[in-house]
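Data block below; observations after.
Just so it is clear, none of the values below were taken in a lab; they were calculated from the coordinates. None of these values were measured; they are calculated from a predicted model. Using ideal geometry, Cβ is built from the backbone for each residue, glycine included, and neighbour counts are taken over all protein chains shown.
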RNA sequence: AGGACUAUAGCUCAGUUGGUUAGAGCGCUACCUUGACAUGGUAGAGGUCGGCGAUUCGAAUUCGCCUAGUCCUACCA
């Protein structure tokens with residue numbers, strides 16, 4: 001074996017071997033356990049969040065697979081409508097081509113090409129992370145099967161009256177030319193202005209002052225509203241305003257939407273360009289006047305529409321100066337003109353929330369269009385119930401509240417997108433605009449008894465990407481066919497995801513699944529029984545990782561390492577804002593002056609697990625990765641030691657009596673306790689505790705103590721064959737168990753070592769992956785052995801402490817004296833003298849009776865005094881200093897305990913066992929204190 | 001505005017139902033190339049657990065208020 005662990009040399013080989021051998025596929029035996037991967041965007045690449053997410057899932061999957069469950073981890077990718085279309089359009093734009101130049105079919109060919117090319121990136125990354133997904137079942141949301149499911153769902157929901165088409169105000173992205181859902185709009189606070197305008201009354205008797213943050217919309221104003229109880233304006237209600245610039249007459253209406261205290265208490269109402277105004281308009285049956293086109297430029301002819309059937313009444317010419325003007329240009333010009341007309345009262349600075357498209361970043365316009373909607377209320381009802389009933393549990397629990405509060409106030413879901421890339425809406429129209437919904441044109445014609453000669457055409461739009469991902473848990477299993485897989489693996493066991501997509505995805509999956517998938521009794525099935533919600537991975541400063549900030553990390557760069565230049569390249573090419581490049585470069589150089597060295601997959605995975613405490617974001621700390629890389633090396637070298645001492649040796653594989661030493665029994669006992677801890681942590685999704693328990697046991701018990709304790713046995717020329725066999729067997733068996741215990745978290749290193757250790761531990765099999773997960777045997781928890789070793793450790797640490805503080809070289813053999821021990825102490829010494837001599841480098845141990853001991857440095861182990869004679873070794877002053885420090889410590893403790901125990905109330909109210917415990921502590925502390933003082937006096941006296 | 005979460009050693013984080021002398025890793029100090037490992041070993045230093053109050057014999061842990069930060073949701077034109 002190499003002297004240090006070299007992850008790069010083994011990882012990819014093992015992955016290929018596992019995959020080829022089919023170990024990632026369900027075994028077909030045992031109770032099922034399944035997880036659906038949250039499908040990443042097929043044309044993107046995985047970031048640290050995915051790395052984390054994959055690690056959690058793979059750990060759970062490998063754990064359950066080793067427990068003998070029939071385990072499926074379903075992989076796949078998402079077509080990500082807007083994001084992908086944008087990428088391809090940007091590529092085309094680089095050559096000066098638009099998608100319209102190509103036309104729909106040619107454009108889609110291009111997208112498919114790009115998907116093929118880029119899809120490999122993701123699957124390669126997933127493989128490198130060690131994820132044991134069943135690649136034979138890989139799915140893509142635009143696969144024929146998936147598309148069929150999407151169509152089926154759309155048609156059935158339409159036929160059930162749960163999908164409708166209507167003209168509504170939607171969030172319109174004027175750059176991408178599509179509607180988007182509420183969730184895709186991000187409102188950030190920005191600095192703007194509040195403009196106060198004077199609107200003259202028709203009768204010339206004065207004016208009202210309205211305030212607005214969006215002057216350009218005034219072209220479409222159809223009323224001014226005041227509060228019905230506002231006395232200032234009571235007699236104006238019903239009168240008309242002569243709207244400046246367009247000179248349109250608009251009424252003054254009373255509506256309690258208006259807040260009297262805000263601004264002047266007068267609000268201009270623009271029903272076609274504001275969600276609130278839309279509601280006001282509806283109540284007062286105002287006209288809707290749309291003044292913007294799809295680019296959010298001013299129309300040359302406004303459309304004037306009534307709420308009644310949204311009938312277009314007539315057009316209205318835009319004031320000539322404004323026709324075709326970009327919206328912010330128009331704003332400027334309107335303010336100037338109003339100023340010139342004497343209608344500008346004042347301009348105040350004002351911070352407001354500006355809605356922007358999460359993809360395009362441009363300001364979203366409420367815009368009146370025809371769109372398709374899912375009526376969510378009935379679906380939400382069932383989706384709320386399954387969580388209330390506990391059919392679905394959130395981990396951590398508090399996310400249920402977030403889920404409920406959103407679900408109980410859910411809006412209808414706008415599912416149509418004016419894109420080309422996606423599932424085309426299965427609806428057809430005839431020339432009079434009648435709607436026909438069906439799986440294909442043929443079906444539509446027969447379903448609606450259409451005249452064969454009737455001309456119909458399919459809707460041009462596609463569905464929101466989340467519409468198809470909402471079906472993910474069952475569409476991947478073959479629905480609407482009633483497949484074996486669907487029966488076996490649905491409902492899935494757990495969904496592992498970040499909280500940021502609870503609304504986008506989790507909620508919608510629950511709605512769709514409960515509506516479409518029922519068990520044999522007609523009870524709605526849930527998509528998953530548990531939702532494990534994890535935090536976001538942030539950079540070392542705690543900032544969200546994002547491409548535009550240039551602080552993203554590719555998990556592979558931590559696995560393989562990357563030099564500074566390449567990393568700089570990666571972070572600064574293909575940016576949306578090239579201006580940022582300089583800043584990003586500096587920040588990157590500061591954080592990674594040497595680039596990043598490769599730490600291997602297992603170290604990265606261990607890091608993710610160790611940071612996976614619930615309900616908390618992860619500030620990614622490179623120092624921890626390094627620490628866990630060192631941990632891998634520790635395991636590696638422990639294995640090296642074990643193999644050096646067991647290979648070609650008798651480890652009891654072929655029978656023969658074994659004699660287990662105290663150390664052997666102790667480490668086996670500790671192993672059982674560790675197994676209990678790990679299982680408990682796994683079952684409660686506390687992967688940080690899993691990692692912690694494994695780390696502690698391996699490093700602080702197996703390596704630090706047990707391996708050291710095995711040395712005196714193995715190196716003892718007089719040791720019996722039974723004893724040697726016992727220790728070798730324990731060495732290999734415990735190591736082999738450690739490997740299985742750690743395998744779900746660190747698949748590669750455990751497999752590599754297991755291949756060599758397994759036969760020595762009488763295990764056989766092709767791979768560690770399918771071995772049984774360790775189960776604690778509580779009969780092997782040996783409290784006597786635990787106690788004895790604790791005692792031994794106490795003595796050894798005492799001696800080492802004296803060595804350390806007295807500057808006695810660890811290499812120098814010393815004599816040790818013990819005094820004032822019990823018979824139990826004597827027994828322990830007798831049985832462990834070899835261990836003690838070896839680990840504390842002691843040449844002789846004497847047991848003192850009542851005789852006066854020589855001057856010595858002292859440590860206490862319980863009542864027993866551990867003495868290292870001073871002659872020639874220890875200098876008086878440093879021993880005085882050392883003892884004084886100890887006395888100080890103990891005296892503080894003594895004070896505290898005395899105070900507590902002299903408190904009447906404590907004695908009378910605290911439970912008896914607690915009082916007893918405190919009393920025992922006090923007497924211990926007292927005797928320690930006395931002995932140390934005594935010793936201190938003695939030393940001082942010389 | 002409403003809600004959630006977070007605040008523990010210089011840094012990154014644990015701390016089960018209140019009973020600890022508050023832990024780990026990294027970093028720091030001193031010493032050590034001993035036959036698995038310097039990606040190591042041994043011994044140390046370092047915290048009034050964000051603040052104030054309440055409950056209790058006893059609070060890092062429960063409750064209230066406050067401060068700071070993060071994030072949702074809803075928003076005032």
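Hey, can you rank A:702-714, A:504-516 by average C-beta count inside 10 Å, highest first?
A:504-516, A:702-714
Roughly how far apart, in whole Å, are the Cα centres of the range A:400-458 and the range A:367-384?
13 Å
Compute the angle between helix A:601-610 and the longest alpha-carbon principal axis of chain A, please, reported from 0 to 90 degrees and rounded to the nearest 10.
Value to nearest ten degrees: 80.
To the nearest 10 degrees, how steeply does helix A:144-159 sit against the main Cα axis of chain A, on a 0 to 90 scale?
The angle comes out at about 50 degrees.
Where does the range A:496-645 land on the Kirkwood hydrodynamic radius, alpha-carbon pairs, in angstrom?
Every distinct Cα pair counted, the radius reaches 18.5 Å.
Per-residue ellipticity at 222 nm for chain A, helices alone: DSSP H runs ≥ 4 residues times -39500 (n - 2.57), over residue total, nearest 500 deg cm²/dmol?
-13500 deg cm²/dmol
Got the relative contact order for chain A handy, in percent, Cα pairs under 8 Å and 6 or more residues apart?
Answer for chain A is 11 percent.
Please state the shape class of the range A:373-416: rounded when a/c is under 1.5, otherwise prolate if a/b exceeds b/c and oblate if not, all from the C-alpha gyration tensor.
Verdict is prolate for the range A:373-416.
Could you work out how far helix A:11-21 tilts from the main Cα principal axis of chain A, as a 0 to 90 degree angle to the nearest 10?
It is inclined by approximately 70 degrees.
Mean separation of Cα pairs under 8 Å and 6+ residues apart, divided by the residue count of the range A:184-226: what relative contact order is that in percent?
30 percent
Please list A:720-729, A:383-392 highest first by mean number of surrounding beta-carbon atoms within 10 Å per residue.
Ranking the peptides A:720-729, A:383-392 by packing returns A:720-729, A:383-392.
Sorted by average packing, counted as other Cβ atoms within 10 angstrom per residue and highest first, what order do A:653-665, A:118-130 take?
Most protected by this proxy first, the peptides run A:118-130, A:653-665.
Given an 8 Å cut-off on Cα distances and at least 6 residues of separation, report the relative contact order of the range A:859-942 as a percent.
RCO, the range A:859-942: 43 percent.
How many percent of DSSP beta bridges within chain A run antiparallel, rounded to 5?
70 percent
Could you give the semi-axes, largest first, of the ellipsoid that matches the range A:144-248, computed as the square roots of 5 times the alpha carbon gyration tensor eigenvalues and rounded to whole Å?
44, 19, 13
Show log10 I(q)/I(0) for the range A:863-942 at q = 0.12, 0.16, 0.24 Å⁻¹, two decimals, from a solvent-free Debye sum over equal Cα scatterers.
Values returned for q = 0.12, 0.16, 0.24 Å⁻¹ are -0.45, -0.67, -1.10.
Rounded if a/c is under 1.5, else prolate if a/b is larger than b/c, else oblate: which is the range A:822-903, with a ≥ b ≥ c the root eigenvalues of its Cα gyration tensor?
Since a/c reaches 1.5 but b/c is at least a/b, the shape of the range A:822-903 is classed as oblate.
Restricting the calculation to Cα positions, tell me the Rg (one decimal) and the Dmax (whole number) of chain A in Å.
37.3, 120
Within 10 Å of each residue's Cβ, count the other Cβ atoms and sort A:275, A:474 from fewest upward.
A:275, A:474
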